[in-house]
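Reading through the structure tokens given below for one structure.
The values are calculated or read from the model by the stated rules, or taken from the named source; none is laboratory data. Given the structure is predicted, the values throughout are model-derived calculations rather than measurements. Quick reminder, even Gly has a Cβ in these numbers, built from the backbone with ideal geometry, and neighbours come from all protein chains shown. Accessible surface areas use protein heavy atoms only, side chains included; no ligands, DNA or RNA. Shrake-Rupley method; radii C 1.70, N 1.55, O 1.52, S 1.80 Å.
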Amino acid sequence: MSETAPATAGTRPAGIHLDRVSVAYGKHTVLDGLDLTVAPGELMALLGPSGSGKTTALRAVAGFVRPVSGRVYLGGRDVTALPPHRRGIGMVVQSYALFPHMRVAENVAFGLRARKTPRRDIAERVAEALEMTGMAAYARRYPRELSGGQQQRVAIARALAIRPSVLLLDEPLSALDARLRSGMLAELARLHRELTDVSILYVTHDQIEALTLADRIAVMDNARLQDCGTPQELYRRPRTEFTASFVGNANLLPVTLAETGPDGTVGADLGGTRLRAHGAGAPAARGAAATLCVRPHLVGLGPGPNALRGTVAEVQWRGATHRLLVDVAGTRLTADVRELRTPPALGAQVELHFAAEDAVLLPVASAPAAVTAAPEAVPGGGGRG
Ligand code: ADP
């Protein structure tokens, strides 16, 4: 993986900045040279499968694990040697970790008391944090008298009460049922909009959470950063096969590079068929193996550009769409087709097509592209819409 240029004193970005941070347990490297910057006001999701190193990265920011190499900066200050309680961060974990014998207000006040905040200020900050999380009416309850969603709100209020400039969220919704989760997603999006100076690092294995909330997503796999960009960038123009298949569904077709067109598209062959796709990030050499990525909902049924003939192997009705699995030139293509009154029969010969603009050529998985998560010029800017 490539690296950001070494930061020099005085120019380190505010917010969260990880500079080539590696963490190992014994001989086992679980975080390998992570470069990551989260600007003030930005929400960065760390997305990846279980065991990919996301929580370890979060714990390195919090100070619960010590990197074997690399530095951690918060607000431009090197905090690598500081203990967690001196880093001024708010943290929320999956299991809430509320104190059962304390009322809600006492739980929220905990971090402030530990910091010896004056009494008068504590009352004001607790009220503010409970207000922000919609829990003002529950201040005198005990955690056992709250639902799971309410307990999670209290945990968030507790993290916010210290007015942190860095907020770390570790799978904060995974203990909630689906209905509560979608309500809390909207709540977190609102909080993120209100916390305009706070850098938020959000660990999740759920692509919907990442796509919904994040200004940018850092995709992790196997202890490494695989890709980083806005949700739209990663979805429309993934740079690796891993990102393409982890962020949304993807057809990954084995092709051979043929030629580069004047319009920036690249020609590639699948079996005997010439296809055109967006070419950035593809290997340059003619005849090289590459992967063509196209999303199932962008594959149409019938004639059109990039037409492929194949045999229908399966038809699945999904309410709004029919999912067609079609065998084409020794590979299987998935097409999610809307408004299909009469789906084709199994074994039928069909034609599929997609626009060159909707397809992207990627290097084959054994040669992952180098990635650097550089700071964003406009915090929170390009992430939604
Ligand atoms: P993720 O959050 O992506 O699921 P983690 O960062 O929790 O992944 O874990 C990354 C790897 O580090 C895993 O293989 C995990 O087993 C290992 N690991 C995590 N914590 C410890 C620990 N305290 N001791 C040894 N190995 C650990």
task = Would you mind finding the one in R384, R332 that is among the basic types (K, R) and either assigned to a strand (DSSP E or B) or modelled with pLDDT of 90 or more (or both)?
result = R332
message = Report every pair of residues separated by at least 6 positions or lying on different chains whose Cβ atoms are under 7 Å apart, first residue within segment 42-55 and touching a residue at least 24 places away in the same chain (Cβ under 8 Å), second near the ligand (Cβ under 6 Å from one of its atoms) and open to solvent by 10 Å² or more (accessible area, probe 1.4 Å).
response = L46/K54; G48/K54; G53/V30
query = So which residues in segment 335-359 are open to solvent by 30 Å² or more (accessible area, probe 1.4 Å) and within 22 Å of G261 (Cα to Cα)?
reply = H353, A355, E357, D358
key: Matching entry among A123, A129, A105 (being modelled with pLDDT of 95 or more and part of a helix (DSSP H, G or I))   = A105
Index of the failed condition, G302 passing every other in (1) assigned by TED's automatic domain parsing to the domain that holds V38; (2) closer than 30 Å to P344 by Cβ = (1)
Among the residues listed as L18, L43, L58, the single one being in contact with a helix residue (DSSP H, G or I) (Cβ under 8 Å, 6 or more places away or on another chain), within 16 Å of the ligand (Cβ to nearest atom) and within 20 Å of M220 (Cβ to Cβ) = L18
key: Any chance T260 is more than 16 Å from the ligand (Cβ to nearest atom) and either within 22 Å of the chain's Cα centre (by Cα) or within 13 Å of L362 (Cα to Cα) (or both)   = no
